[in-house]
Amino acid sequence: MDKHALLYEGKAKRLYKTSDENLLIAEFKDDLTAFNAEKKGSELGKGALNNKISTQLFRMLETKGIATHLVKTLDDTHQLVKTCRIIPIEVVVRNIATGSLTKRLGIPDGTELPFTLVEFCYKDDALGDPLLNDEHCLILNLVKSESDLEELRRLGREINTILKSFFAHRDLILVDFKVEFGVDSEGNILLADEISPDSCRFWDVHTKEKLDKDRFRQGLGSVKVAYEEVLKRILAQ
Ligand code: TMP
Ligand code: ASP
């Protein structure tokens, strides 16, 4: 399967058309951005690591009944995915308070939340991905009905339950993550985009060391080493 016209270029991936309208090729880039691309960088091999990590996690989630857009890995930095219309809502799932939640509500960093929190953000870089409530989603026509939002929340929580336990077995605390969903030509909701250290926060259970993109956001260094460690633990049985 060859890459045809570039369909979309995001901060961390490019999407290409293929000869089959139902299939796209996703290319994982080495670029890193933070704070709505105010901070930019690049880490050689980061794209390949995220491709491997996301492929493993999507395959594992498929075995647990989560439908995803992933068809297969093509090479180090490319995967074949099903064409879908991305719902422009970033579904953020949080187990522990940190990042923007701490800044927004003053909950001390590292506080375990009394229950899993699901937030919606508008996938719109020009607006800085603002937080949305259900009524905002409906007014903006991001989904058809309240029940679509309930389904996104349910999927976010289910993915969290599966991933939290998967990572706990690998001595990693899943602090929070962001997922995106798409709708295929038959109207099915599919997990899309990626799940990687770019889109999750992982803390080592013993040392609380950050093993995710916060190393880049906060200038902590050893970004690639951290991503390699996450892949190593994912591959450990
Ligand atoms: P936040 O605390 O900055 O809102 O981030 C919450 C989670 O979402 C964290 O795991 C990082 C992830 N995330 C993305 O994947 N993309 C984004 O643009 C942002 C802001 C966060
Ligand atoms: N991905 C977002 C950006 O580039 C924000 C983040 O992940 O911190 O700007």
Out of the residues in the range 72-103 that are part of a loop (DSSP other than H, G, I, E, B) and not aliphatic (A, V, I, L, M), state the one that is farthest from residue 187 (Cα to Cα). 98
Expected output for the range 33-45 (first residue touching a residue at least 60 places away in the same chain (Cβ under 8 Å), partner near ligand 2 (Cβ under 7 Å from one of its atoms) and assigned to a strand (DSSP E or B), Cβ below 8 Å, 6+ apart or cross-chain) is 39/33; 41/33
Selection status of residue 152, within 16 Å of ligand 1 (Cβ to nearest atom) and aliphatic (A, V, I, L, M): yes
Quick test for you: out of 99, 128, 110, 106, pick the one residue that is farther than 30 Å from residue 59 by Cβ, within 16 Å of ligand 2 (Cβ to nearest atom) and not aliphatic (A, V, I, L, M). 128
For residues that are modelled with pLDDT of 95 or more and over 17 Å from residue 53 (Cβ atoms), scanning just the range 169-185, find the one that is surrounded by the most Cβ atoms within 10 Å (Cβ to Cβ). 181
Name every residue in the range 1-36 that is within 30 Å of residue 219 (Cα to Cα) and of a type in the set (S, T, N, Q), in order of residue number. 33, 36
Can you pull out every residue in the range 49-75 that is out of contact with any helix residue (DSSP H, G or I) (no Cβ under 8 Å at 6 or more places or on another chain) and either of a type in the set (A, V, I, L, M, F, W, C) or within 20 Å of residue 211 (Cβ to Cβ) (or both)? 51, 54, 55, 58, 67, 71, 74
Residues in the range 73-96 that are hydrophobic (A, V, I, L, M, F, W, C), within 24 Å of residue 136 (Cα to Cα) and more than 14 Å from ligand 2 (Cβ to nearest atom): how many? 6
Residue match in the range 109-129 (condition: free of Cβ contacts under 8 Å to residues at least 24 places away in the same chain, in contact with a helix residue (DSSP H, G or I) (Cβ under 6 Å, 6 or more places away or on another chain) and either closer than 18 Å to residue 10 by Cα or within 16 Å of ligand 1 (Cβ to nearest atom) (or both)): yes
Report yes if some residue within the range 192-209 is away from ligand 1 (no atom under 16 Å from the Cβ), at pLDDT below 95 and at negative phi; otherwise report no. no
Selection within the range 78-93 - within 14 Å of ligand 1 (Cβ to nearest atom) and over 29 Å from residue 45 (Cβ atoms): 88, 89
Which residues, counting only those in the range 24-51, are crowded, with 19+ Cβ neighbours inside 10 Å and away from ligand 2 (no atom under 15 Å from the Cβ)? 24, 25, 26, 27, 49, 51
Screening 212, 198 for residues that are under 19 Å from residue 97 (Cβ atoms) and charged (D, E, K, R) leaves only 212
Single residue of the range 189-208 satisfying the filter (out of contact with any helix residue (DSSP H, G or I) (no Cβ under 6 Å at 6 or more places or on another chain) and of a type in the set (S, T, N, Q)) that is nearest to ligand 2 (Cβ to nearest atom): 199
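The values are calculated or read from the model by the stated rules, or taken from the named source; none is laboratory data. Note that the structure is a prediction, hence the values are computed from the model and not measured. Ideal geometry is used to build each Cβ from the backbone, glycine not excepted, and the neighbour counts take in all protein chains shown.
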